[in-house]
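Report on the structure given below.
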Amino acid sequence: MKAAIRSTLLFSLSLTCMPLVLQAADNGKEFVGSEKCRSCHIQEYNSWKESYHAKIVRPRKAGMLKEAFEKWTSDGTGPGPTKGNITGKAHTLDDVQYVVGSRWKQRYLVKNEQTGNLQFMDKQFNRLSGMWENYGQKNDWDTQCATCHTTGYRITSYDEKAKRTTGSTFSERGIGCEACHGPGAKHVKAKGIQRKRTIFNPANVDSQAQSKVCGYCHVRVENETWHTAQGNPREDMPAPKRGDSYRAGEDWTTWTGIIMPGLQAENPFTKEYTGDLKGLFKTDEHARANGIYEEAKHHQQYQGFIQSQHFKSGSLSCITCHSPHAGKGKLKKVARNSCGTCHAPSYTVEKYMPNTGQTAGGLFVRSHTFGKNPRTGGAGAADLKEPNYYE
């Protein structure tokens with residue numbers, strides 16, 4: 001593997017901002033990065049560093065799946081990735097700058113010379129089947145996915161006339177400490193008791209507010225306020241003000257100009273959606289009979305969870321069962337064992353959290369609706385071994 005891995009991303013020059021999207025003060029120095037957190041929170045940092053949050057976007061050499069590397073030319077049935085999805089330009093393995101994901105599937109980013117951003121290649125690797133699948137995302141990663149694949153993401157320039165994101169940046173590639181705790185510059189500078197008051201701690205808010213932090217990314221929406229570099233409605237939620245970043249603890253569900261299925265009265269779970277939102281919930285007879293509409297695609301966990309009695313009663317939140325990292329003197333939680341802390345042994349994730357949300361061909365993510373009459377699910381992450389990376 002010959003090509004050097006770029007450690008910085010290129011962004012377009014500033015153009016025109018949207019008149020109705022207010023300019024926020026520059027926050028480029030608010031986020032300090034996870035390495036800074038490490039100096040005081042070593043146990044939490046080391047645990048986070050091994051998480052999939054930390055590994056969501058990595059340079060090719062460090063993050064590429066070994067099996068995908070070995071099958072790059074062909075999986076025995078068909079070829080691997082050969083071109084960029086937007087430009088159609090031929091690309092080789094040496095052109096790959098970053099890989100996205102590794103637990104369920106993996107996708108590959110190459111430069112889009114038209115915009116200076118990154119674009120996906122035309123195939124993704126399915127870990128369950130060990131095969132290449134067509135992947136058709138035709139929007140720059142920087143203007144479609146980066147809000148949740150990075151920390152401190154913000155739009156720096158926007159062409160209102162053409163409705164295109166023309167510039168963006170972020171403080172850290174991957175889902176760092178500040179993605180869930182908010183910007184840490186004030187926290188680092190504070191002394192004594194003020195330190196705790198200058199950082200967001202999910203433990204200090206109610207269960208529904210805790211889950212909302214996770215829900216910011218584990219949700220499927222269509223953003224009609226911001227558009228991609230290619231002029232399409234975005235599927236992520238950059239902060240409403242140009243130059244600003246989402247800060248953990250903010251109530252993003254009140255933001256306007258975004259279709260949030262299941263979260264807005266005018267956009268119920270049972271609505272017939274179009275485009276990328278088409279078929280996002282199970283609305284068959286089984287769902288209607290139970291009044292629960294399970295997730296049918298991936299990154300919809302929040303939309304499933306808010307339907308559950310667990311959420312509605314405030315009895316638990318996402319971090320009751322999941323922990324992004326270990327804590328001081330505490331081991332990282334094993335989510336699949338969580339049911340047993342409140343229920344009899346007969347309550348298992350296999351039974352009450354069927355794999356309903358499709359994330360790749362024949363590969364599914366668990367529903368978080370916790371219905372009393374669960375449906376049969378497909379294969380999921382529990383059916384896969386831990387990923388092996390090419391060194």
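Annotations for the structure displayed:
- When the helices (runs of 4 or more DSSP H) confined to segment 113-225 are screened for residues that are of a type outside the set (D, E, K, R) and on the phi > 0 side of the Ramachandran plot, none reaches at least 2 such residues.
- Scanning segment 308-327 for residues that are surrounded by 20 or more Cβ atoms within 10 Å (Cβ to Cβ) and in contact with an Asp or Glu (Cβ under 7 Å, 6 or more places away or on another chain) turns up just one, 325.
- Taking every residue in segment 275-294 that is assigned by TED's automatic domain parsing to the domain that holds residue 357 and free of Cβ contacts under 8 Å to residues at least 60 places away in the same chain and pairing it with any residue that is of a type in the set (Lys, Arg) and not in a strand (DSSP E or B), at least 6 positions away or on another chain, the pairs with Cβ-Cβ distances below 7 Å are 277/220.
Every residue, every condition in (1) part of a strand (DSSP E or B); (2) within 16 Å of residue 175 (Cβ to Cβ); (3) modelled with pLDDT of 95 or more; (4) small (Gly, Ala, Ser), yes or no:
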position: 3; (1), (2), (3), (4): no, no, no, yes
position: 8; (1), (2), (3), (4): no, no, no, no
position: 11; (1), (2), (3), (4): no, no, no, no
position: 19; (1), (2), (3), (4): no, no, no, no
position: 31; (1), (2), (3), (4): no, yes, yes, no
position: 45; (1), (2), (3), (4): no, yes, yes, no
position: 76; (1), (2), (3), (4): no, no, yes, yes
position: 102; (1), (2), (3), (4): no, yes, yes, yes
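- Selection status of residue 223, over 22 Å from residue 199 (Cα atoms) and out of contact with any strand residue (DSSP E or B) (no Cβ under 8 Å at 6 or more places or on another chain): no
- The requirement of being over 18 Å from residue 164 (Cβ atoms) and assigned to a helix (DSSP H, G or I) is fulfilled somewhere in segment 240-252, by at least one residue.
- Count of residues meeting criterion [surrounded by 14 or more Cβ atoms within 10 Å (Cβ to Cβ) and either part of a strand (DSSP E or B) or touching an Asp or Glu at 6+ places or on another chain (Cβ under 8 Å) (or both)] in segment 83-100: 9
- Hits in segment 144-198 (condition: out of contact with any helix residue (DSSP H, G or I) (no Cβ under 7 Å at 6 or more places or on another chain), of a type in the set (A, V, I, L, M, F, W, C) and closer than 28 Å to residue 60 by Cβ): 145, 146, 148, 155, 175, 179
- Some residue of segment 162-169 being crowded, with 23+ Cβ neighbours inside 10 Å, more than 26 Å from residue 83 (Cβ to Cβ) and β-branched (Val, Ile, Thr): no
- All positions within segment 49-63 that are assigned to a loop (DSSP other than H, G, I, E, B) and of a type outside the set (Asp, Glu): 51, 52, 53, 54, 55, 56
- Residues of segment 249-272 satisfying the condition of being over 18 Å from residue 238 (Cβ atoms) and of a type in the set (A, V, I, L, M): 265
The values are calculated or read from the model by the stated rules, or taken from the named source; none is laboratory data. Computed from a predicted structure; not experimentally measured. Positions of Cβ are backbone-derived with ideal geometry, glycine not excepted, and every protein chain shown enters the neighbour counts.
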